[in-house]
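The values are calculated or read from the model by the stated rules, or taken from the named source; none is laboratory data. For clarity, every value in this text was computed on a predicted model and none was experimentally measured. Don't worry about glycine lacking a Cβ; one is built from the backbone with ideal geometry, like all the others, and counts go over all protein chains shown. Note: accessible area is taken over every heavy atom of the protein model, side chains too, but ligands, DNA and RNA are not part of it. Shrake-Rupley method; radii C 1.70, N 1.55, O 1.52, S 1.80 Å.
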Amino acid sequence: MCATCANHYPEAESPPSACHICADERQWVPPGGQRWTTLAELSAAGHRTDIREIEPGLLGIGAAPQVAIGQRALLVRTAEGNLLWDPSGFIDDDAVRAVREAGGLRAVSASHPHFYGSIVEWSRAFGAEILLPEADAAWLPRPSPAVRTWSGMLDVLPGVTLIQCGGHFPGSSVVHWAEGAGG
């Protein structure tokens with residue numbers, strides 16, 4: 001995985017020469033150059049899952065200490081299933097166990113390619129769909145048969161809608177959770 005943006009790449013004898021996410025003008029490669037790591041290396045260095053309830057029905061899932069750009073995922077919980085939004089690049093057994101205890105996953109998605117992180121690993125762990133805006137699907141560094149593309153708006157679960165609003169990337173999107181923040 002890229003140590004800068006935490007996007008995961010297919011297993012190979014050696015890492016790619018560059019992370020195509022970080023090589024893009026919207027991101028950056030550190031002054032010391034491209035660096036790669038693995039989940040095993042991060043765990044050995046003391047990284048662990050950090051899970052916090054944000055509000056009823058919403059869990060934040062990140063890593064401590066912070067990994068790469070430091071985003072934390074949001075697990076939106078509904079009676080019809082759960083959506084994982086903006087998965088962090090770090091995933092371990094504790095994270096999977098916590099999500100399993102919270103009801104598992106129906107789908108996983110992200111606001112834009114910098115946050116694709118461990119999206120394929122989450123999908124595989126739960127047999128969940130990966131929902132990517134059609135405009136940005138080519139940025140996924142690791143192919144998966146679980147990808148379903150969409151554009152405009154997509155009702156994921158009752159009261160949970162993905163909305164392509166543009167921004168950082170052409171497919172940049174937000175998630176609207178109707179029950180969030182007390183409705």
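Solvent-accessible surface of the chain, averaged per residue with a 1.4 angstrom probe and all protein chains in place: 48 square angstrom.
The accessible surface of region 130-179, taken with every protein chain in place and a 1.4 Å probe, is 57 percent carbon and sulfur.
Please list 39-45, 26-32, 120-126, 75-81 highest first by mean number of surrounding beta-carbon atoms within 10 Å per residue.
Values: 39-45: 13.6, 26-32: 11.0, 120-126: 20.0, 75-81: 17.6.
Put in order of decreasing packing, that is 120-126, 75-81, 39-45, 26-32.
Counting DSSP beta bridges with both partners in region 114-171, what percentage is antiparallel, nearest 5?
Expressed as a percentage, antiparallel bridges in region 114-171 total about 50.
Descending by average beta-carbon neighbour count within 10 Å, the peptides 132-141, 48-57 line up as 132-141, 48-57, the highest first. Neighbours of P87, meaning other residues whose beta-carbon lies under 13 angstrom from its beta-carbon, give a summed charge of 0 when Lys and Arg score +1 and Asp and Glu score -1. Amide H to amide H, with H built 1.01 Å from N, R35 comes under 5 Å of A3, T4, counting only residues 5 or more places away or on other chains. Amide H contacts for Y9 (H built 1.01 Å from N in the peptide plane; partners 5 or more residues away or on another chain; cut-off under 5 Å): C2.
Each part reduced to its alpha carbon centroid, region 2-75 and region 90-117 end up 13 Å apart. Helix-only arithmetic for the chain: the sum of -39500 (n - 2.57) across DSSP H runs with n ≥ 4, divided by the residue total, places the mean residue ellipticity at 222 nm at -3500 deg cm²/dmol. Search the structure for amide H atoms under 5 Å from the amide H of R148, placed 1.01 Å from N in the peptide plane, and list their residues when 5 or more places away or on another chain. Placed amide hydrogens put I130, L131, L132 under 5 Å from R148.
Sequentially through region 79-85, phi angles give Karplus couplings (6.51, -1.76, 1.60; θ = phi - 60°) of 5, 9, x, 10, 10, 9, 10 Hz, Gly and Pro residues having no value and appearing as x. DSSP beta bridges fully contained in region 20-177 are about 70 percent antiparallel.
Highest mean packing first, where packing is the average number of other Cβ atoms within 10 Å per residue, the peptides 107-114, 175-182, 3-10 line up as 107-114, 3-10, 175-182.
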